[in-house]
Amino acid sequence: MKLAVDKTLGTREFSGLFEDVRLVNPAGSYLDIRLWGKEQSVMELSIYNVLGEPVMNESIHLNRGENHIVRSIQNLKPGMYFVRISDKNSNMLVRKLLKY
């Protein structure tokens, strides 16, 4: 079997309004995110289950500098989820989250 690859596929690195994203993982009752905002902005924070179904979505206000975001995830069943943070220009960052 011969396989030819002529293009690189994947996601581009997020270079939007924030950097240095840290997610406490695995998580118990709370989602704990720390990130550094390049400027004051409004972002969308979403959590999806492994089927791609949204289980949480909200707007978050980021300040310039360090931001600490804590949200309750007590209502989520144990398992794997995807945390997505996106800006108004549809730039996004996705991280895996393991809920115990």
Pull out all pairs, ordered by first then second residue, where Cβ-Cβ is under 6 Å, the residues are six or more apart or on different chains, the first lies in segment 21-35 and is touching a residue at least 40 places away in the same chain (Cβ under 8 Å), and the second is surrounded by 15 or more Cβ atoms within 10 Å (Cβ to Cβ) and outside any strand (DSSP E or B). Leu31/Ile73
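Of all residues in segment 80-100, which are of a type in the set (Lys, Arg) and more than 13 Å from the chain's Cα centre (by Cα)?
Correct list: Lys88, Lys99.
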Return the residues of segment 48-84 that are closer than 16 Å to Ser29 by Cα, loosely packed, with under 10 Cβ neighbours inside 10 Å and hydrophobic (A, V, I, L, M, F, W, C); say none if nothing qualifies. none
With the requirement that a residue be among the aromatic types (Phe, Trp, Tyr) and at pLDDT 85 or above, what does segment 1-59 give you? Tyr30, Trp36, Tyr48
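The values are calculated or read from the model by the stated rules, or taken from the named source; none is laboratory data. Since the structure is predicted, the reported quantities are computational estimates derived from the model, not experimental observations. Heads up, the Cβs are rebuilt from the backbone with ideal geometry, glycines too, and the neighbour counts pull from every protein chain shown.
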